[in-house]
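Peer 1: Input: one structure, supplied below.
Values in this text are rule-based calculations from the coordinates and carry no lab data. If you're wondering where the values come from, they're calculated on a predicted model, not measured in any experiment. Virtual Cβ from ideal backbone geometry, glycine too; neighbours counted across all protein chains shown.
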Amino acid sequence: DQQVKQNSPSLSVQEGRISILNCDYTNSMFDYFLWYKKYPAEGPTFLISISSIKDKNEDGRFTVFLNKSAKHLSLHIVPSQPGDSAVYFCAASRMDSNYQLIWGAGTKLIIKP
Amino acid sequence: NAGVMQNPRHLVRRRGQEARLRCSPVKGHSHVYWYRQLPEEGLKFMVYLQKENIIDESGMPKERFSAEFPKEGPSILRIQQVVRGDSAAYFCASSQGGGNQPQHFGDGTRLSIL
């Protein structure tokens with residue numbers, strides 16, 4: 001039972017354009033969401049997070065949007081840069097076990113020069 | 001580098017042997033988490049420890065797997081009598097506090113079972 005789903009295994013975007021990565025979840029108990037970035041042979045690196053009391057959080061080139069009614073969140077990267085090429089993971093946690101991150105399978109982002 | 005340190009980076013074991021994976025958290029972090037990642041999948045939570053205590057081991061198989069985080073020294077994930085299905089990347093993360101504190105990850109140990 002996959003509670004966090006990233007339905008696009010990969011995404012290719014032109015350098016300088018916007019990258020939009022999507023994530024859906026099924027558990028309405030989730031109240032905190034995070035995006036991590038992962039390069040090959042390295043551990044995930046925290047990018048940005050959002051609490052369920054918000055619908056948007058912005059940090060530099062990265063913005064996360066949360067649509068609670070649709071149980072959907074997205075990560076926008078603009079402008080996309082070659083160094084953004086990596087696998088992006090969406091993760092979620094619940095109020096009653098908020099240390100336990102539930103992860104999606106990841107989306108591989110490829111930025112074309 | 002004050003990040004999470006995991007060693008070894010790669011570990012090869014034969015079926016039936018024991019595997020010991022070590023994790024030194026970020027200095028000052030007292031909360032440690034272990035995750036397992038199979039190919040083409042996301043990370044799966046295994047266990048959450050604070051110094052000398054296991055807080056939640058609900059994601060860890062009941063048999064053959066154990067974890068500890070002693071007062072002194074690194075956290076250890078121990079797998080006894082390894083089987084082929086244990087082949088995976090094992091990631092350790094640490095945080096300053098519990099809850100929604102961002103978890104900082106090490107680069108993982110890639111375990112291969114022959």
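Peer 1: For B:LYS27, go through the lysines and keep the ones whose alpha-carbon is under 17 Å away, minus same-chain ones fewer than eight residues off.
Peer 2: B:LYS51, B:LYS71
Peer 1: Now for a separate question. Whole-Hz Karplus ³J(HN,Hα) for the stretch B:100-109, in order, using 6.51 cos²θ - 1.76 cosθ + 1.60 and θ = phi - 60°, x for Gly and Pro?
Peer 2: Once rounded to whole Hz, the list reads 8, 4, x, 8, 9, 9, x, 7, x, 10.
Peer 1: Could I ask something else about it? In a Debye calculation with equal point scatterers on the alpha-carbon sites of the protein assembly as shown and no solvent, what is log10 I(q)/I(0) at q = 0.16 Å⁻¹?
Peer 2: Log-scaled intensity ratios, in q order: -1.12.
Peer 1: Please give, to one decimal in nm, the separation of the simple spin-label points placed at A:LYS56 and A:HIS72, each 7 Å out from Cα toward the Cβ.
Peer 2: A separation of 1.7 nm, rounded to one decimal place.
Peer 1: List the lysines whose Cα lies under 20 Å from the Cα of A:LYS54, skipping any in the same chain that are fewer than 8 positions away.
Peer 2: A:LYS68, A:LYS71
Peer 1: Another question, then. Over chain A, what is the mean sequence separation of C-alpha contacts under 8 Å (at least six apart), divided by residue count, expressed as relative contact order in percent?
Peer 2: After rounding, I find 37 percent.
Peer 1: Using the beta-carbon distance between B:SER112 and A:ASN27 and R0 = 41 Å, what value does 1/(1 + (r/R0)^6) give for FRET efficiency, to the nearest 0.05?
Peer 2: Numbers: r = 33 Å, r/R0 = 0.81.
Computed FRET efficiency for B:SER112 and A:ASN27 comes out at 0.80.
Peer 1: What are the ³J(HN,Hα) couplings of the stretch B:72-87, residue after residue, when phi is run through the Karplus curve with 6.51, -1.76, 1.60 and θ = phi - 60°? Round to Hz, x for glycine and proline.
Peer 2: 10, x, x, 7, 10, 10, 10, 10, 8, 6, 4, 10, 4, x, 7, 4
Peer 1: Which of B:ALA88, B:SER112, B:GLY28 sits closest to the plus end of the dipole of chain B, meaning its Cα is farthest towards the positive end, when Lys and Arg get +1 and Asp and Glu get -1 on the C-beta?
Peer 2: The listed residue farthest towards the positive side: B:SER112.
Peer 1: Rounded to whole Hz and in sequence order, give me ³J(HN,Hα) for the stretch A:37-42 from the Karplus expression 6.51 cos²θ - 1.76 cosθ + 1.60, θ = phi - 60°, writing x for Gly and Pro.
Peer 2: 10, 9, 8, x, 6, 10
Peer 1: Oh, and also: Using a cut-off of 11 Å between beta-carbons, work out the net charge of the residues near B:PHE91 (Lys and Arg +1, Asp and Glu -1, B:PHE91 not included).
Peer 2: +2
Peer 1: Let me ask you something else. On the principal axes of its Cα set, how long, how wide and how thick is chain A? Give whole Å, largest value first.
Peer 2: 43, 28, 21
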